[in-house]
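The values are calculated or read from the model by the stated rules, or taken from the named source; none is laboratory data. Small disclaimer: the values here were computed from a predicted structure and weren't measured. Reconstructed Cβ throughout: ideal geometry from the backbone, glycine too, with neighbour counts over all protein chains shown.
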Amino acid sequence: MNAQSNSLTTQNIGQTTLPGFHNPVFDATAVFRTVLEAMSHPGTVIETPLTCESPRKLNSSAASILLALTDMDTTVWLSPKTECSDVADYLRFHTGCSLTNNADHCDFAIINGQEDPDLVTSLPIGTAEYPDRSATLIITVDHFNAELKAVLSGPGIKTTSNLSPAPLNSKFWGWMKANRNTFPCGIDIIFASPTHICALPRSSEMDI
């Protein structure tokens with residue numbers, strides 16, 4: 001986490017001036033701890049600890065996660081529905097991260113929940129020797145009150161936990177089950193609504 005890169009200086013993006021974190025070190029630490037808590041308790045919806053101004057096609061929670069977790073040593077892939085000059089300029093300026101058009105070689109990827117998960121089938125899933133060399137996928141959603149609920153079990157869950165992000169592409173849960181079958185390799189998911197986050201690690205079992 002590069003506190004210096006999360007500068008207080010603002011940047012003109014189109015016709016809007018968007019700051020990064022107001023208190024870079026403390027804000028980034030707060031978001032990082034929230035992500036760790038979410039990953040430790042899959043399916044638990046947790047309020048994002050601060051509001052972050054975000055560019056078009058990113059919501060506040062997703063922007064906060066990227067500001068906290070990415071820096072000049074990380075590579076980010078943006079999906080067709082999230083890729084635009086506003087987002088690219090915002091991330092480059094505030095984090096120094098590299099952006100790639102190749103999903104095969106990234107540390108973080110971000111998609112809109114309505115997009116086809118086939119877009120991310122080539123994300124790095126790690127190897128048997130180095131499963132940590134996988135990408136983390138951030139999925140932007142509107143809320144966590146969908147009628148369709150996935151019942152999660154596994155590490156970090158006492159009995160079961162319900163997860164219901166929306167909107168979500170109808171193919172997602174099938175893709176996620178296939179992702180789970182590659183464990184200990186695979187992709188870790190962070191869902192981000194404008195005000196809350198919820199994690200779905202590769203270790204979680206799910207029933208739809």
Residue satisfying condition, being under 23 Å from LEU66 (Cβ atoms) and either part of a loop (DSSP other than H, G, I, E, B) or free of Cβ contacts under 8 Å to residues at least 24 places away in the same chain (or both), within set LEU148, LEU168: LEU168
Filter pass, ALA150 being touching a Leu at 6+ places or on another chain (Cβ under 6 Å) and crowded, with 18+ Cβ neighbours inside 10 Å: yes
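Only one of THR51, THR44, THR75 is at pLDDT 95 or above and more than 25 Å from LEU148 (Cβ to Cβ); which? Step through it out loud before you land on a result.
On the way: THR51 fails: at pLDDT 95 or above; THR44 fails: more than 25 Å from LEU148 (Cβ to Cβ).
Going through THR51, THR44, THR75 in turn, the sole match is THR75.
Considering only region 50-73, state which residues are over 16 Å from ASP142 (Cβ atoms) and either surrounded by fewer than 19 Cβ atoms within 10 Å (Cβ to Cβ) or acidic (Asp, Glu) (or both).
LEU50, THR51, GLU53, ASP71, MET72, ASP73
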Leading residue by the ranking (farthest from the chain's Cα centre (by Cα)) among those in region 91-115 that are more than 25 Å from LEU168 (Cβ to Cβ) and crowded, with 20+ Cβ neighbours inside 10 Å: HIS94
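Tell me whether region 186-198 contains one or more residues that are at pLDDT 95 or above, among the β-branched types (Val, Ile, Thr) and more than 23 Å from ALA62 (Cβ to Cβ).
No, region 186-198 has no match at all.
Which one of these is touching a Cys at 6+ places or on another chain (Cβ under 6 Å) and touching a residue at least 60 places away in the same chain (Cβ under 8 Å): GLY96, GLY154, GLY126? Quick ask: steps written out before the conclusion?
Working: GLY96 fails: touching a Cys at 6+ places or on another chain (Cβ under 6 Å); GLY154 fails: touching a Cys at 6+ places or on another chain (Cβ under 6 Å).
That would be GLY126, the only listed residue that is touching a Cys at 6+ places or on another chain (Cβ under 6 Å) and touching a residue at least 60 places away in the same chain (Cβ under 8 Å).
Give the residues of region 129-142 that are among the charged types (D, E, K, R) and either without any contact (Cβ under 8 Å) to a residue 12 or more places away in the chain or part of a strand (DSSP E or B) (or both), sorted by residue number. Give the derivation first.
Going residue by residue through region 129-142, those that are among the charged types (D, E, K, R) are 129, 132-133, 142.
Once the filter is applied, which keeps residues that are among the charged types (D, E, K, R) and either without any contact (Cβ under 8 Å) to a residue 12 or more places away in the chain or part of a strand (DSSP E or B) (or both), region 129-142 yields GLU129, ASP132, ARG133.
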Whichever residue in region 154-208 is over 14 Å from the mean Cα position of the chain (by Cα) and acidic (Asp, Glu) and, among such residues, is surrounded by the most Cβ atoms within 10 Å (Cβ to Cβ): GLU205
